[in-house]
Amino acid sequence: MKMSEIRRKARELGIKTGGLKKADLIRQIQKEEGNFEYFGTANDYCDQWNYYLRKECLSRLKT
């Protein structure tokens, strides 16, 4: 998902987007949506099968 799309989604949720990196902004969105703030932090496995940013999250796994 492009940063412009992430910012738009954040603004729709009432989140200020200035100065945040993409991963941090996505975590704020997750928090506002009532989810855990886990984007890009999984270790070898992600059980969030239906999350719309799952593929991107997995590409950022910490190794």
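The values are calculated or read from the model by the stated rules, or taken from the named source; none is laboratory data. Because the structure is a prediction, the values reported are computed rather than measured. Backbone-built Cβ (ideal geometry, glycine too); neighbour counts: all protein chains shown.
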Tally, over the range 1-18, of residues that are loosely packed, with under 10 Cβ neighbours inside 10 Å, assigned to a loop (DSSP other than H, G, I, E, B) and more than 12 Å from the chain's Cα centre (by Cα): 2
Contacts under 7 angstrom Cβ, first residue in the range 1-15 being free of Cβ contacts under 8 Å to residues at least 12 places away in the same chain, partner surrounded by 13 or more Cβ atoms within 10 Å (Cβ to Cβ) and in a loop (DSSP other than H, G, I, E, B), 6 or more apart: 11/17
Residue 46, sole failed condition from (1) under 13 Å from the mean Cα position of the chain (by Cα); (2) surrounded by 13 or more Cβ atoms within 10 Å (Cβ to Cβ): (1)
Residue 57 vs. criteria in a helix (DSSP H, G or I) and among the hydrophobic types (A, V, I, L, M, F, W, C): yes
The range 1-42, subset among the polar types (S, T, N, Q) and over 13 Å from residue 57 (Cβ atoms), residue modelled with the highest pLDDT: 28
Condition broken by residue 10, with the remaining ones in (1) touching a Ser or Thr at 6+ places or on another chain (Cβ under 8 Å); (2) on the phi > 0 side of the Ramachandran plot satisfied: (2)
Whichever residue in the range 19-38 is of a type in the set (Lys, Arg) and surrounded by 13 or more Cβ atoms within 10 Å (Cβ to Cβ) and, among such residues, is farthest from residue 55 (Cα to Cα): 31
